[in-house]
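Got a structure here, written out as structure tokens. Questions coming.
The values are calculated or read from the model by the stated rules, or taken from the named source; none is laboratory data. Computed from a prediction, not measured in an experiment: that's the story for all the values here. When we count neighbours, we look across all protein chains shown, and the Cβ atoms used for this are built from the backbone with ideal geometry, even at glycine.
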Amino acid sequence: MKDDLLKIKGQALDSIAQAADLRALEDVRVATFGKKGTVTALSRTMGSLSAEERPAMGQMVNEVKDALEAAFTAKKQGLADAALEASLADEKIDITLPGRNFALGSKHPLTTVIDEICRIFMGMGYEIATGPDVETDYHNFEALNIPKNHPARDEQDTFYVEGGHVLRTHTSPVQIRKMSEGRLPIAAVAPGKVFRSDEVDATHSPVFHQIEGLVVDKGIHMGHLKGALTVFAEALFGEGVKTRFRPHHFPFTEPSAEMDISCFGCGQDAEKMQDCRICKGEGWVELLGCGMVHPKVLAGCGIDPEVYSGFAFGMGLERIAMQRYNIDDMRLLFDNDMRFLKQF
Ligand code: DAH
């Protein structure tokens, strides 16, 4: 039995030494000390020994158990150390590698134009006003003196929403909202989306942007309108730009005008003008519609037109952005193609 014990010890020590990883080592431990393990089986045969033999044999078995136990522990530690070494080598972090950059966005060209125009007017003391995209018929048409049979209400142009509401066709309803607040004087600009049932092409989109302007106070006249808009044009297009006002008609202003600016493409240079892509030989570019707020519109908002007067203006923003950045197709502004947007 002593020989068996020494044989078992020798085999177990060999197996422990050969175990390549913790799982293999565990297998050896089970094969040695498990229920059916070699040492366990041998211990069971102790009962067949004589009373004299038993103590010495028992001591030997315990010594073998202790020795194997120690070998297991040492091997286990060795394997764990090796595993740690390997993972440290494997997962080493190279802190000299350059970091990962976050992609930085840039402003959409339309946003840049809106911000710039707002900044110019804020510099003149205007506040920024807003209104909803889905408007009441009253704010979008009625209160702006656009009667029921006016062509602007034509279903071909206007998106009608359930309940008689519309997607606002211009930013002018913000004028009505501002004037109806009951606080005077007013100097405000209102940028925002507007909607018209247009087919999409290089110069049209069913969604586009306008900015509205409104000034109401005692004694406001056409001279204020011309002065403010000329200062604005110079700030946006550079000093030396000329403005011209042509009579026009809008239901909500009286008198009404359109303001042109001298062409920034050719600078009205006689030779360049002939084949100027921007003004097409005119020398002038239409920029906005404007006028003195109609007395009926003031009165409808609870403002006494005998005491107060005001001017208003409105302009499309896509065309300004397109001219400024030399963009020849409006669809580019809405496609959200990264290759296009990354250029700004
Ligand atoms: N609402 C007009 C349009 O969409 C633009 C406009 C013209 C606005 C004259 C005004 C104005 O405030 O006075 O065509």
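Please verify whether the stretch 184-207 includes one or more residues that are in contact (Cβ under 8 Å) with a residue 40 or more places away in the chain, farther than 28 Å from H150 by Cβ, in contact with a helix residue (DSSP H, G or I) (Cβ under 9 Å, 6 or more places away or on another chain) and surrounded by 16 or more Cβ atoms within 10 Å (Cβ to Cβ).
yes
A further question follows. Would you check if there is a residue in the stretch 244-258 being at pLDDT below 95 and either of a type in the set (D, E) or touching a helix residue (DSSP H, G or I) at 6+ places or on another chain (Cβ under 7 Å) (or both)?
First, pick out the residues of the stretch 244-258 that are at pLDDT below 95: none.
No, there is no match, as no residue in the stretch 244-258 is at pLDDT below 95 and either of a type in the set (D, E) or touching a helix residue (DSSP H, G or I) at 6+ places or on another chain (Cβ under 7 Å) (or both).
Still on this structure, please answer the following. Could you run through the stretch 191-221 and say how many residues are at pLDDT 95 or above, of a type outside the set (V, I, T) and in a strand (DSSP E or B)?
Number of matching residues: 11.
Filter the stretch 149-175 down to the residues that are more than 11 Å from the ligand (Cβ to nearest atom) and within 22 Å of G289 (Cβ to Cβ) and list them by number.
Going residue by residue through the stretch 149-175, those that are more than 11 Å from the ligand (Cβ to nearest atom) are 149-151, 153-156, 158-167.
Those that are more than 11 Å from the ligand (Cβ to nearest atom) and within 22 Å of G289 (Cβ to Cβ): N149, H150, P151, R153, D154, Q156, T158, F159, V166, L167.
Shifting gears a bit: Counting residues that are within 16 Å of the ligand (Cβ to nearest atom) and of a type in the set (G, A, S), which strands (runs of 3 or more DSSP E) fully inside the stretch 237-344 reach at least 2?
On the way: elements: 243-250, 253-262, 284-293, 309-316.
Fully inside the stretch 237-344 and qualifying: 253-262, 284-293, 309-316.
Moving on. Within the stretch 85-130, count every residue that is among the basic types (K, R) and surrounded by 13 or more Cβ atoms within 10 Å (Cβ to Cβ).
At the first step, the residues of the stretch 85-130 found to be among the basic types (K, R) are 92, 100, 107, 119.
Within this subset, residues satisfying the condition of being surrounded by 13 or more Cβ atoms within 10 Å (Cβ to Cβ) are none.
Matching residues across the stretch 85-130 total 0.
Okay, residues lined up against (1) at pLDDT 95 or above; (2) under 30 Å from N140 (Cβ atoms); (3) hydroxyl-bearing (S, T, Y); (4) buried (at least 18 other Cβ atoms within 10 Å of the Cβ):
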residue: F237; (1), (2), (3), (4): no, no, no, yes
residue: C266; (1), (2), (3), (4): no, no, no, yes
residue: K272; (1), (2), (3), (4): no, no, no, no
residue: G289; (1), (2), (3), (4): yes, yes, no, yes
residue: G310; (1), (2), (3), (4): yes, yes, no, yes
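Can we say T203 is within 16 Å of G291 (Cβ to Cβ) and within 28 Å of the chain's Cα centre (by Cα)? Even if it seems obvious, please write down each step before you answer.
Numbers: within 16 Å of G291 (Cβ to Cβ): no; within 28 Å of the chain's Cα centre (by Cα): yes.
No.
Could you say whether any residue in the stretch 290-300 is more than 17 Å from T243 (Cα to Cα), out of contact with any Ser or Thr (no Cβ under 6 Å at 6 or more places or on another chain) and either small (G, A, S) or free of Cβ contacts under 8 Å to residues at least 40 places away in the same chain (or both)?
Yes, some residue in the stretch 290-300 is more than 17 Å from T243 (Cα to Cα), out of contact with any Ser or Thr (no Cβ under 6 Å at 6 or more places or on another chain) and either small (G, A, S) or free of Cβ contacts under 8 Å to residues at least 40 places away in the same chain (or both).
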